[in-house]
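Below is one structure; the comments refer to it alone.
Where a number appears in this text, it was derived from the coordinates with a stated rule and is not lab data. Source: prediction; values computed, not measured. Don't worry about glycine lacking a Cβ; one is built from the backbone with ideal geometry, like all the others, and counts go over all protein chains shown.
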Amino acid sequence: MGKTVLLTGRPRVGKTTIIKDLAARLPGKAGGFYTEEMRDAGERVGFRLVTLDGREGI
């Protein structure tokens, strides 16, 4: 069974960048998702979920 990693931290410290980099280095071995902030006129209106295999949802 694989290991589970949960990455947390303050906004804009590089969490998503680290996850994207690790997923690229481990093709087919990493699974999960990250979130991207959705904004409208500078205001947060929600989050987009992006799976490590490229699927997106709101």
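Structure notes:
- In the chain, helices alone account for a calculated mean residue ellipticity at 222 nm of -5500 deg cm²/dmol, with every DSSP H run of four or more residues adding -39,500 (n - 2.57).
- Projecting label points 7 angstrom from Cα along Cα→Cβ for ARG44 and LYS15 puts them 1.0 nm apart.
- If the convex hull is drawn through the Cα atoms of the chain, its volume per residue in Å³: 98 Å³
- For LYS3 and GLU37, the FRET efficiency from 1/(1 + (r/R0)^6), where r spans their Cβ atoms and R0 equals 22 Å, is about 0.20.
- For LYS15, the aspartates and glutamates whose Cα comes closer than 19 Å to its Cα, not counting residues fewer than 8 places off in the same chain, are GLU36, GLU37, ASP53, GLU56.
- Helix axis angle, 15-25 relative to the chain longest principal axis, alpha carbon, degrees: 40 degrees
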